[in-house]
Structure formats: structure tokens, C-alpha cells
Amino acid sequence: MPYTTNDIKSIEAKWQKHWDAYKTFKAQADVTKKKYYVLEMFPYPSGKIHMGHVRNYTIADVIARYKMMQGFNVLHPIGYDAFGQPAENAAIKHKSDPAEWTDRCIDQMHEELKQMGFSYDWDREISTCDAQYYKWNQWIFLKMWERGLAYKKVSSVNWCPSCQTTLANEEVIGGACWRCKSQVVQKDLEQWYLKITHYAQSLLEDLKQLEHWPLRVRLMQENWIGKSFGVEIYFKIKGDTETLTVFTTRPDTIFGATYMVLAPEHPLVKKLVSGTKEEKAVLVFIDETAGKSKSLRMSGDGRKEGIFIGRYAINPVNQEAIPIFIGDYVLMEYGSGAIMAVPAHDQRDFEFAKTHQLPMRIVIQNPQEPFELKSMTKAYEDPGVLVNSKPFNRIGNEEAKKKIAEWMSKERMGKMTVHWRLRDWLISRQRYWGTPIPMIYCDTCGAVPVPYDQLPVSLPKNVEMTGQGGSPLNRVEEFVNVSCPKCFKGARRETDTMATFFDSSWYFLRFCSAHNDEEIFSQQEAKYWMPVDQYIGGIEHAILHLLYARFFTKFLKDLSVIDFGEPFTRLLTQGMVLKGGEVMSKSLGNTVDPDEILAKYGADTLRLFILFAAPPEDQLEWNSDGLEGAWRFLNRVYQMVEKRYVKNFSAFDSKDQMLDRERNNAIKRVSQSFEEGFKFNTAISHLMILANAIDKYVGAGLPRLPDGEATSPLRNAIETLVLLLSPFTPHLCEELWQMMGKNDATIVKVAWPSFDEAALKQTEVTYAVQINGKIRGQFTAPVFATQEQLQKLCLTDVHVAKYVPNAGAIKKFIVVPQKLVSIVV
RNA sequence: GGGCGGGUGGUGGAAUCGGUAUACACGCAGGACUUAAAAUCCUGUGGCCGUAAGGCCGUGAGGGUUCAAGUCCCUCCCCGCCCACCA
């Protein structure tokens, strides 16, 4: 047994040391070389790496090494998304410093990443909690502030009572905090926002350019941005000078509006009810709704809460007075916070109308199967023709949408408009462990930006972390009390820190010149390396991170520091790692620690297994049995080199051509897998097929073959196998390459093998014979056999002869070249 | 409710343009080596019938197109993920 756990440990350590010493993966911009930037989503340093990291980074590493062998100048960096709440929570718990905790975690993670043999340019390692990094967060923030893209406003925000901080809409999952899962409540606060909506149009439009992104991700972003075309309609209020604006995408149903509903928070509600007999009840309702969290409000089991406010609106198209309600199913954040209700043609309005016994009117009729109000059990939302809509009756509803919208615009009853689902991005966090927002509040001058030459605004050290009473920074006098940069009078510093998604929205640019003290990044370097050619990460970032990164890229382009509008050319979303059908997670206690696998099998086996078990984008069910298989395969390859490989070898016999065909086929198929969707599982299967062919060629138990002088198919096959395998299991392959007497400094500098299409050609092929649709026999024929020859040959097969007594019985004879013949008798 | 993926042996998964379904591996069974075990190697392995040759069935269900369907079309069932009172 030549290859033991100990051997692996020493081989892997040897090559990791070698790569470090020679800086094998150091990337340097060189305009004479074609670049390739491969990037994985950098980790949050929680300490140990988990299987998800292993899978993500192994995929990236295999791609990076393949591209290196292809002669690309490859940039493959790593860093740490190091700000965030776990560090702060750990600090609260252990009464320690988040910076220390984070540093320890980073050290540990750094070690583990090295043990996996990843081809990182370690000179570019960055951490977002480093002031040299977050200084540029503050720089970006100030640039945005100057352009009106960072602003402060009071609004009802999502508040996590457990984390004691606000959350972005994107961070509220099903009404709960995305991190701690507590119920989120609404709270009025003054907060910092980034105007991502300024880029809504280009964020949507440019999705079209991202043809190498998974369709799924593009659709998710499209839905999130949520552009909808519609009409703003103005309703006068009976006996009042106020006008209510509603937004609808269904102007074709305007004649069916039988009431109106406002969001309870709508600014006009209190004014409109004042003095009515409904006032008291309405105010109680508003209070009750405000106390409810959004998710509670939305969790309605079909029931729609609401109340009449005692006023009427005038439908501009027919002057009808319709009652105004407030209802919890109308959201203040979308549209104008007011809707016209068309219960016959909108399911939500239908439910509300049923609950409150409100009238309905059919205005879209199904011409095939007309229906009546009495028999309706749900709203009719399908296409149809207009009825009860005077000048527009009998028009198809799609056409009517356009006609009515145009007519209303012309008559000034409304205006065609576009609404977006995308909201501005709330970035304020009342936490310590994040980038301080570089603003100062002066009683005289108002909000004043910290001057650029005073950046970074550094986080103070030795801050007491209690987890109570808002941001810990509030209590740090020397941090808070500053003089105003404008008038030099006493002023107060902003104590909110930035959401960590800010940090990760541009780190890929920082990697281009990771330790640049002069600028956010070198424009020249960024011009060379960017955009990222291949980005790899989890589908869970399909919306948040990827949308923010695209937003920042567009902003930086507008600043003219870069000249491209999309950061990631290709995106691969790797599947989750499961155990027992569930995602591996600490809370479920079904994790497998990569360290244990490393200790027993080493990095190469783990890498090979995780790639072989499933295609990169599929879910991966962890099964340790497969590990043994990967281990066995690597052992076979090792022994193949040790026992079968000779530098010069002259044996030659009829099997040579077959072996060489397998060799060429492996090159073709493995290369293909890199170019067509990274199907590494099948790439590895072709390497196994080549290994099987080599063993078969040699014959089991043969002694080491004698040296000779001519080139050898066997030698070529083994060399090819090692080269093709090297991106997957680099340590072993470096070792084998050296054992074979090669002098290359490293295997990644050896050219990726090319294949010879001619060697794949065969002189004879086996044809299957199908008779009346069933496979009945087979025969071999020369590659260039004519149809007549094939017909003759196939009849010589005894099984065929049984079904086809003579050539005259053949009704139809179909040839699929090189594959089969199909006979109808 | 909407969108997007899926459904293939005991298991993970293969299958270019519609062309021999189950590649490759795991597991399992039998054998070789061994005092024995482990490791390694060899053979077999979709189901049913058959000593065999061979036959029939078989890619979630049912229908269709075709010489030929996992793949295309229609109807339906189930599973996963994402979004979701967005007017």
C-alpha cells in the first residue's frame, strides 16, 4: 500500500508549501496576456469552514486551475466579509472585543483554506473590517451623498426587537429577521437610505445582457425590481377639495369600481374622518393595525379587515359616488397607498366585498361562458370583453386597457405611469461592528459630511458591548463629540453603522489592487481585470447581494472610475450540501466537519468526491461511502504512475490505437465539461474511464514494463490522465508529475492537452439493428459503408434473419450513420 | 396564487440533433489472495419468465406524433426552490 493517510499529509503539505514559497498563484496585470478573473462569494468568517464553502471554493478552484493551464492570466483572490452581528453577539456573550473574535476566526479560516489547496493569490487577501478597506465604504457613501443618492428620512421601518436594529426589506423573510428569525415589527425612525431606485430602469434593462447568468436568478431580480405599467387615476372627494390618487394596472375595469380602499397609514385618512361619526372607530382601527407587524397583517386567512370612513369618492369616468374604506390589505409603500376596488375582477377586492357586503359590478364578461353576479364564488380575472362600461363596451379587455388609459390621460382624469416594486435600500444599523457612516450633525450647519482627508472614521476600540439600548457607539463620548468640519463648533457624530451588504457590494473591485492606500482601487488594474469572468456562489444571494453589487457598479460607472456597467459576466449558483435530506446546518446538528475528512482522506479526496457526487448546480446529498470511492480512484492513479509509467517505452500492438482513442476522448470530454456548464461529475467519470482503459491495456498484474526509446501510447495516456486530473486533485497530480521526472515548477504552468479529432475516428463501427421499432441484433461495418452494403450486412445477423426472411420483405430501411439501422417489415 | 426547476436501478447520477436507456461510481452478491481479517484484484448486478438461447415489461400516470420517444405534443399527478394581499 504505497499511498496512506500519512503519505497524503506529507504530499499535500509539501505542495502547499511549494505554492506559497514560489507564489505560484500571484496574479499580475499584464496587458499582453488574456486575463481571467474567477471569484467565489467571500465568506463570513465564523471560524470553521463548512461543506458549503468547500463545495463553492472547490468549484472555483478547479475553474481557476483549468484556466491557468489554458494560458490565461488568472486572478483568483479571497477575502473575508468580516463585519456583522455574529461577532458582536459573541462579544456581548463573552464580554470580549468583536475585532479579536473576528481576527481569530479569520486566522482559523485562512488555515483551513490553505489546507484545501486553493489557488488564491494570498497577497490580495482582504478583510472588510480593516480600516484600510472600510475607509472606501465611507468614500463611496460620501460620493453618493454628494449626488443625492444617500439620504436620511423618517419612515416606518422593519425593526428586529432581538437584534435591536433595523432591517432592509430584503432582510425580512416571511415577516421574520433573516438572521435571528424573530418577528419583525414596524417602527418610525430616521434612517439612512441609498437611492437604488434611481437605477431601477438600468438594473432591469441590463439583465438582458447577463445571458450567462442562470435564468432563475435573472427572473428573481426582475420580479424583485417589479416594473408595472398602469394608470394613476384622480378621484375627487365628495364635499371636499382634496383629491385621492389611486394606481391601477387594470384601467379596463374602472367602470366596475364600487368602492375605494386606503391604507390605514394614508396621510389623508385622519383629515377625511375628522368630524364624522365614524372618526372614533377609524382611529381605533388605525391604532390596532399600526401595532401589528407586517407579517401578522399579511397572514390574513383570506379575511380582509377594514372599516368605512364615512366619506365618498367620485369616480371620474361616470361621476358615481363610491364609499371610501381603510383596509389592512392595502399597503402604503406600494403605488399611492390607495386602490379603487373592483370586486368582480380582483380576488382581494372580492373577498373584502364579501366580508363587508359591498356591491359588485361585472364589467368584463367571458364571451364563451357568460357568468352572473349571483353565481360568482371568486373574482373573474381572466380576459374577456367589456360590458357596463359605456363607450367601451364589446371591446376586448387588453385593447381596452390601452384605450381607456389614453382616454383618461386626454380627459385629465388620470395619467399613464410606471410603478416599481423596488424600494430604496435602508442601510442604517444601530450596531457597533460595522462601517461608521461618515456624517456629522451640527446645530448650525446641519448634516455635514466628514471631509475626505479625515477618512477613515475608525471604529473606537474597547467599547462596552451590552446588547441593550441601541448602538454602543452612542455611549462613546470621544467618538460622538467632534467639532463641525464647517464651523468648528461642537457637533455630534453619526453613530449608525452601515449594513454589511454595503461592504460586499464592491469588494470584487478592491481585489484588483487590494492594498492601494491612495485610491479605492487602481483604475488601470480594474480596467484590466474587471469584470469578473466567472462568479460562483449560493442561490441565496440571487437578490440581495447580486442586486446591490450591480447597483454599486452602475454608480461607480457614473462616477467614471470604471467603464462597465455589470460586474459579473458569468454566474454559477452552486447547490446546497444536504445531509439526510436537509441543508447542513449547526442548528439542525447535521453538519459534517471538513476538518475530519481532511484528517482522514486529505484535501484531494474531499475535492474529488464533492465534485463527482453531483453537478455543481444541483443539491448534493452527503454520503461518506462516496468518499471511499474517490479515495480508491486516487490510489489507483498513484499506483499507475508508480508501477506502470516509464519515461521511454517502445511496445506497440493492436491495443494502442484503442488506448489512444480513449486518451483523446477523455481530453475532449473533460475540456467540454469546462466549456459547457462545468459538469464536473461527468468530467471525472471520463477520467475514470481513461484510467480503466489504461489498466485494461496494461493487464492486471503485469510487471513494470521495460524501457525503450519510442513514444508510447501508454506513457501519453498516463501523462494525459495526470494533467486532466490536476485541476481537481492538484496536490497528488503535482507529486505524480514530479515522479514522472518532469521539470516544470508547477503543473498549472503545463499546457492543457489538446485532442486530435482524427484519433477519435474508428475504422469499423457496431450497428444496432431495429426491426419494427425493437432492437433485435447488431453487426459491424466499415465506417464508410453504403446503404446497400449495410442492408446486406445486417441480414447476415442470425437474429435479424429470423425477422427478415429476405430482402424483399423490407418495406423501409433507415440508416442512422455510425449508430443503427431501422427496418420496417 | 404566480414564477422556475425536477420526477430515470437498492443509492448518487449518465444519456450531443428524437437513434442500442441506466455511462461512471456507490452498495450488494459470488470468486481469487490470506491462518484470518482489512486492503487489493476478478466476475455479476433494472424487473419478470427461462437451464440456456431468447422473450416480455421498463425513465411519475394516461394518451398522441414517429421506422424510432427519458427526449417532441396534449391531459393529469407528485416533489423541491423562490416570490407572494404589489393594486
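Looking at A:Glu88, A:Glu100, which is the one that is more than 16 Å from RNA strand B (Cβ to nearest atom), over 25 Å from A:Leu724 (Cα atoms) and free of Cβ contacts under 8 Å to residues at least 24 places away in the same chain? Write out each step before concluding.
Details: A:Glu88 fails: free of Cβ contacts under 8 Å to residues at least 24 places away in the same chain.
Just one listed residue meets the conditions, A:Glu100.
What are the pairs, 6+ residues apart or on separate chains, where a residue within the range A:744-763 that is in contact (Cβ under 8 Å) with a residue 24 or more places away in the chain has its Cβ under 7 Å from a residue that is of a type in the set (Asp, Glu) and assigned to a loop (DSSP other than H, G, I, E, B)?
A:Val750/A:Asp744
So which residues in the range A:371-410 are assigned to a loop (DSSP other than H, G, I, E, B) and without any contact (Cβ under 8 Å) to a residue 12 or more places away in the chain, if there are any at all?
Initial filter on the range A:371-410 (assigned to a loop (DSSP other than H, G, I, E, B)): A:371-372, A:376-384, A:387-389, A:393-395.
Across the range A:371-410, the qualifying residues are A:Phe371, A:Glu372, A:Thr377, A:Asn393, A:Arg394, A:Ile395.
What number of residues within the range A:553-588 are of a type in the set (Phe, Trp, Tyr) and under 16 Å from the mean Cα position of the chain (by Cα)?
Step one: list which residues in the range A:553-588 are of a type in the set (Phe, Trp, Tyr), which gives A:555, A:564, A:568.
If we keep only those that are under 16 Å from the mean Cα position of the chain (by Cα) as well, we get A:568.
Number satisfying all stated conditions: 1.
Hey, can you tell me all the residues within the range A:702-720 that are in contact with a helix residue (DSSP H, G or I) (Cβ under 8 Å, 6 or more places away or on another chain), over 13 Å from A:Phe755 (Cα atoms) and at pLDDT 90 or above?
Passing the criteria: only A:Ile718.
Just give me the residues in the range A:712-739 being of a type in the set (S, T, N, Q) and either in contact (Cβ under 8 Å) with a residue 60 or more places away in the chain or farther than 22 Å from A:Asn681 by Cβ (or both), in sequence order. I'd like the intermediate steps shown before the answer.
Of the range A:712-739, the ones of a type in the set (S, T, N, Q) are A:712, A:716, A:720, A:726, A:729, A:738.
Scanning the range A:712-739 gives A:Ser712, A:Asn716, A:Ser726, A:Thr729, A:Gln738.
Residue under question is A:Glu111, and the condition is that it be without any contact (Cβ under 8 Å) to a residue 12 or more places away in the chain, under 29 Å from A:Ile63 (Cα atoms) and not β-branched (Val, Ile, Thr); does it hold? Before the answer, list the steps.
Working: without any contact (Cβ under 8 Å) to a residue 12 or more places away in the chain: yes; under 29 Å from A:Ile63 (Cα atoms): yes; not β-branched (Val, Ile, Thr): yes.
Yes; evaluated as a whole, the condition is true for this residue.
Matching residues to (1) surrounded by fewer than 20 Cβ atoms within 10 Å (Cβ to Cβ); (2) modelled with pLDDT under 95:
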{"position": "A:Phe72", "(1), (2)": "yes, no"}
{"position": "A:Leu75", "(1), (2)": "no, no"}
{"position": "A:Lys95", "(1), (2)": "yes, yes"}
{"position": "A:Gln108", "(1), (2)": "yes, no"}
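Criterion first (surrounded by 18 or more Cβ atoms within 10 Å (Cβ to Cβ) and away from RNA strand B (no atom under 13 Å from the Cβ)) does A:Ser375 satisfy it?
Details: surrounded by 18 or more Cβ atoms within 10 Å (Cβ to Cβ): no; away from RNA strand B (no atom under 13 Å from the Cβ): yes.
Here the answer is no, as A:Ser375 does not meet what is asked.
When the range A:666-692 is examined, which residues are found to be at pLDDT 90 or above, more than 9 Å from RNA strand B (Cβ to nearest atom) and of a type in the set (Gly, Ala, Ser)?
Within the range A:666-692, A:Ala666, A:Ser671, A:Ala683 meet the criteria.
Identify the residue in the range A:529-571 that is of a type in the set (Val, Ile, Thr) and touching an Asp or Glu at 6+ places or on another chain (Cβ under 7 Å) and, among all such residues, is nearest to RNA strand B (Cβ to nearest atom). Outline the logic, then answer.
If we filter the range A:529-571 for residues that are of a type in the set (Val, Ile, Thr), which is where we start, we get A:532, A:536, A:539, A:543, A:553, A:561-562, A:569.
Now narrow it down to the ones that are touching an Asp or Glu at 6+ places or on another chain (Cβ under 7 Å): A:536, A:543, A:553, A:569.
Values: A:Ile536: 17, A:Ile543: 6, A:Thr553: 22, A:Thr569: 21 Å.
If we take residues in the range A:529-571 being of a type in the set (Val, Ile, Thr) and touching an Asp or Glu at 6+ places or on another chain (Cβ under 7 Å), then A:Ile543 is nearest to RNA strand B (Cβ to nearest atom).
Scan the range A:203-219 for residues that are farther than 11 Å from A:Leu547 by Cα, under 11 Å from the mean Cα position of the chain (by Cα) and surrounded by 13 or more Cβ atoms within 10 Å (Cβ to Cβ) and jot them down.
A:Trp213, A:Pro214 - these are the residues of the range A:203-219 that are farther than 11 Å from A:Leu547 by Cα, under 11 Å from the mean Cα position of the chain (by Cα) and surrounded by 13 or more Cβ atoms within 10 Å (Cβ to Cβ).
In the range A:775-805, how many are within 13 Å of RNA strand B (Cβ to nearest atom), assigned to a strand (DSSP E or B) and loosely packed, with under 15 Cβ neighbours inside 10 Å?
2
Restricting the search to the range A:222-275, which residues are part of a loop (DSSP other than H, G, I, E, B), near RNA strand B (Cβ under 9 Å from one of its atoms) and either within 25 Å of A:Glu399 (Cβ to Cβ) or more than 44 Å from the chain's Cα centre (by Cα) (or both)?
Once the filter is applied, which keeps residues that are part of a loop (DSSP other than H, G, I, E, B), near RNA strand B (Cβ under 9 Å from one of its atoms) and either within 25 Å of A:Glu399 (Cβ to Cβ) or more than 44 Å from the chain's Cα centre (by Cα) (or both), the range A:222-275 yields A:Gly226, A:Thr249, A:Arg250.
Can you tell me how many residues in the range A:593-615 are within 12 Å of RNA strand B (Cβ to nearest atom) and out of contact with any Phe, Trp or Tyr (no Cβ under 7 Å at 6 or more places or on another chain)?
6
Evaluate the range A:754-774: report whether one residue or more is over 50 Å from the mean Cα position of the chain (by Cα), within 15 Å of RNA strand B (Cβ to nearest atom) and polar (S, T, N, Q).
No, that holds for no residue.
Need the failing condition index for A:Pro436 against (1) farther than 28 Å from A:Val157 by Cα; (2) at pLDDT 95 or above, just the number.
So A:Pro436 meets the others, but not (1).
Exactly one condition in (1) farther than 24 Å from A:Ala150 by Cβ; (2) in contact (Cβ under 8 Å) with a residue 24 or more places away in the chain is false for A:Glu211; which is it?
Only one criterion is unmet by A:Glu211, namely (2).
Return the pair list, or none, for Cβ contacts closer than 9 Å from residues in the range A:192-205 that are at negative phi and of a type in the set (Lys, Arg) to residues that are surrounded by 17 or more Cβ atoms within 10 Å (Cβ to Cβ) and assigned to a helix (DSSP H, G or I), at least 6 apart or on different chains.
Once the first residue is at negative phi and of a type in the set (Lys, Arg) and sits in the range A:192-205, its partners that are surrounded by 17 or more Cβ atoms within 10 Å (Cβ to Cβ) and assigned to a helix (DSSP H, G or I) give A:Lys195/A:Met144.
In the set A:Gly434, A:Gly446, which member is over 30 Å from A:Glu232 (Cβ atoms) and without any contact (Cβ under 8 Å) to a residue 12 or more places away in the chain?
Checking each option against the conditions leaves just A:Gly446.
Would you check if there is a residue in the range A:566-576 being touching a residue at least 40 places away in the same chain (Cβ under 8 Å) and of a type in the set (Val, Ile, Thr)?
Our first condition is that a residue be touching a residue at least 40 places away in the same chain (Cβ under 8 Å); within the range A:566-576, this holds for A:566-576.
Retained after the next criterion (residues that are of a type in the set (Val, Ile, Thr)): A:569, A:573.
Within the range A:566-576, one or more residues are touching a residue at least 40 places away in the same chain (Cβ under 8 Å) and of a type in the set (Val, Ile, Thr).
Go over the candidates A:Glu205, A:Glu190 one by one and state the one that is assigned to a strand (DSSP E or B), at pLDDT 70 or above and away from RNA strand B (no atom under 16 Å from the Cβ).
Values: A:Glu205 fails: assigned to a strand (DSSP E or B).
Answer to the check: A:Glu190.
Residues to consider are A:Thr573, A:Thr553, A:Thr569; find the one that is under 30 Å from A:Lys67 (Cβ atoms), in a strand (DSSP E or B) and out of contact with any helix residue (DSSP H, G or I) (no Cβ under 7 Å at 6 or more places or on another chain). Give the derivation first.
Numbers: A:Thr573 fails: out of contact with any helix residue (DSSP H, G or I) (no Cβ under 7 Å at 6 or more places or on another chain); A:Thr553 fails: in a strand (DSSP E or B).
Of the residues listed, the single one that is under 30 Å from A:Lys67 (Cβ atoms), in a strand (DSSP E or B) and out of contact with any helix residue (DSSP H, G or I) (no Cβ under 7 Å at 6 or more places or on another chain) is A:Thr569.
Can you tell me which of A:Tyr535, A:Tyr507 is crowded, with 21+ Cβ neighbours inside 10 Å and out of contact with any Leu (no Cβ under 7 Å at 6 or more places or on another chain)? If you could, list the steps in order and put the result at the bottom.
Details: A:Tyr535 fails: out of contact with any Leu (no Cβ under 7 Å at 6 or more places or on another chain).
Sole residue among the options that is crowded, with 21+ Cβ neighbours inside 10 Å and out of contact with any Leu (no Cβ under 7 Å at 6 or more places or on another chain): A:Tyr507.
Answer yes or no: is there a residue in the range A:276-297 that is under 46 Å from the mean Cα position of the chain (by Cα), within 16 Å of RNA strand B (Cβ to nearest atom), at pLDDT below 95 and in a strand (DSSP E or B). Before you say what the answer is, go through the steps one by one.
First pass over the range A:276-297, keeping only residues under 46 Å from the mean Cα position of the chain (by Cα): A:282-297.
Then keep just the ones that are within 16 Å of RNA strand B (Cβ to nearest atom); that gives A:285-286, A:288-297.
Okay, now just the ones that are also at pLDDT below 95, so A:285-286, A:288-297.
Now narrow it down to the ones that are in a strand (DSSP E or B): none.
Checked against the condition, which is being under 46 Å from the mean Cα position of the chain (by Cα), within 16 Å of RNA strand B (Cβ to nearest atom), at pLDDT below 95 and in a strand (DSSP E or B), the range A:276-297 yields no hits at all.
Can you say whether A:Ile314 is of a type outside the set (D, E, K, R), surrounded by 13 or more Cβ atoms within 10 Å (Cβ to Cβ), within 16 Å of RNA strand B (Cβ to nearest atom) and modelled with pLDDT of 95 or more, as far as the supplied structure shows? Outline the logic, then answer.
Working: of a type outside the set (D, E, K, R): yes; surrounded by 13 or more Cβ atoms within 10 Å (Cβ to Cβ): yes; within 16 Å of RNA strand B (Cβ to nearest atom): no; modelled with pLDDT of 95 or more: yes.
In short, no.
How many residues does the range A:343-359 contain that are away from RNA strand B (no atom under 12 Å from the Cβ), touching a residue at least 12 places away in the same chain (Cβ under 8 Å) and part of a loop (DSSP other than H, G, I, E, B)? If you could, list the steps in order and put the result at the bottom.
Keep residues of the range A:343-359 that are away from RNA strand B (no atom under 12 Å from the Cβ), which gives A:344, A:353-354, A:356-359.
This time we only want the ones that are touching a residue at least 12 places away in the same chain (Cβ under 8 Å), so: A:344, A:353, A:356, A:358-359.
Now restrict to residues that are part of a loop (DSSP other than H, G, I, E, B): A:344, A:358-359.
Residues flagged as away from RNA strand B (no atom under 12 Å from the Cβ), touching a residue at least 12 places away in the same chain (Cβ under 8 Å) and part of a loop (DSSP other than H, G, I, E, B) within the range A:343-359 amount to 3.
For the structure I just gave you, tell me whether A:Ile63 is hydrophobic (A, V, I, L, M, F, W, C), within 16 Å of RNA strand B (Cβ to nearest atom) and part of a helix (DSSP H, G or I).
Numbers: hydrophobic (A, V, I, L, M, F, W, C): yes; within 16 Å of RNA strand B (Cβ to nearest atom): no; part of a helix (DSSP H, G or I): yes.
Spelling it out, it is not the case that A:Ile63 is hydrophobic (A, V, I, L, M, F, W, C), within 16 Å of RNA strand B (Cβ to nearest atom) and part of a helix (DSSP H, G or I).
The values are calculated or read from the model by the stated rules, or taken from the named source; none is laboratory data. Note that the structure is predicted; figures quoted are calculated from it, not measured. Positions of Cβ are backbone-derived with ideal geometry, glycine not excepted, and every protein chain shown enters the neighbour counts.
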